[in-house]
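Following: one structure in structure tokens, then a few remarks.
The values are calculated or read from the model by the stated rules, or taken from the named source; none is laboratory data. In this text, all values refer to a predicted model and were calculated from it rather than measured experimentally. Neighbour counts are summed over all protein chains in view; Cβ atoms, including those assigned to glycine, are modelled from backbone coordinates with ideal geometry. Quick note on the areas: whole protein, heavy atoms, side chains included, nothing else; ligands and nucleic acids left out. Shrake-Rupley method; radii C 1.70, N 1.55, O 1.52, S 1.80 Å.
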Protein chains: 2
Amino acid sequence: MKITRKGEYAMRALVDLALHYKKGMRQIQDIVREEDIPEKFLEQILLALKNAGFVESKRGVGGGYFLSNPPDKILLGDVIRLIDGPLAPLDCVSKTKHVKCPKEITCGIHSVMLDVSNATAEILDHVTLADVCNRTKGMAERRAEHQMYYI
Amino acid sequence: MKITRKGEYAMRALVDLALHYKKGMRQIQDIVREEDIPEKFLEQILLALKNAGFVESKRGVGGGYFLSNPPDKILLGDVIRLIDGPLAPLDCVSKTKHVKCPKEITCGIHSVMLDVSNATAEILDHVTLADVCNRTKGMAERRAEHQMYYI
DNA sequence: GAAATTTCCGATTTGACATATAGGAATACT
DNA sequence: AGTATTCCTATATGTCAAATCGGAAATTTC
């Protein structure tokens, strides 16, 4: 699995929406300003996220986007699968994308990559948007502490 | 990390060489026949593997390739890093490839991807070519048993 | 020492895909 | 009616994976 810009933008946008959960609409422009993402590109991404049910939207004046579900119900693994495809490092290992691999039957490499794939999924399917927000917060706080010591 | 064809071919070729370790030279043609890899492409790959010290070679009649070290001393992680680059799913997480990421300081996503990167490395830096060979063998045997039961 | 074999090496090609950008249609509010 | 905002499709662009080509260099064999 390689996470593309698109996938990274999708996660950043969703984290942004998570930080503003239940605080009203969030417009593309707001996210663009905050996250420094090309506007038209983000538009496409949010559309995909909407069609997949991660976010909802409202058009017109005062419109915008918001999360369909609470941040602690949205798994990073699902977001990445939607935008960047299977988590497996090799296509022939993926459960969703069925590509036959040569000599799969006796392929030890395949077996190792399955382990990697499972380890990755184990992490990404247990980390929610809320977790990401907390991590970010925690990192910022630790950083603030460090600064205090040096004053 | 996405493993490309090139990386897959490299691993398959090395496993092939591992299976013939200490049994003399192995020519490109032999590997091509066994593993079904485009010949000229494999040529490039073996050259890279040679320059990196994984294999040695000899030219001319009766020449060919062979592993520089025993199969149980070659880690899959090192092979993949050489051919396909850093194991991290995001470049800004990689330790080798230094790309600055926006707002890295407070980036929870970064932190999660670091976990993924470490989990991947933990696996691939402990699996050797010998392990892969054994896995392949084990899978083939289990398959043989199954067939026996059904006779 | 000529011929055959095999690796070595750089250049080029091809196609797919990531990364956007453009332009307007549809909808909702004031 | 007019403005703001999302929706949607098409197109451009650049990069890189994947492979091919043509010949140079080394080694063995006869």
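Odds and ends about this structure:
- Checked against the criterion of being open to solvent by less than 40 Å² (accessible area, probe 1.4 Å) and over 29 Å from B:VAL116 (Cβ atoms), the range A:3-23 contains not a single residue that satisfies it.
- Filter pass, A:PRO70 being modelled with pLDDT of 95 or more, farther than 21 Å from A:LYS6 by Cα and either more than 14 Å from the chain's Cα centre (by Cα) or within 15 Å of DNA strand C (Cβ to nearest atom) (or both): yes
- Count of the range A:36-70 residues, restricted to those that are open to solvent by 40 Å² or more (accessible area, probe 1.4 Å) and in contact (Cβ under 8 Å) with a residue 40 or more places away in the chain, is 2.
- Condition met for A:GLY24 (facing chain B (nearest Cβ under 10 Å) and small (Gly, Ala, Ser)): no
- Only one of the listed residues (B:ASP36, B:ASP72, B:ASP84, B:ASP16) is within 9 Å of DNA strand D (Cβ to nearest atom), within 14 Å of chain A (Cβ to nearest Cβ) and not hydroxyl-bearing (Ser, Thr, Tyr). That residue is B:ASP84.
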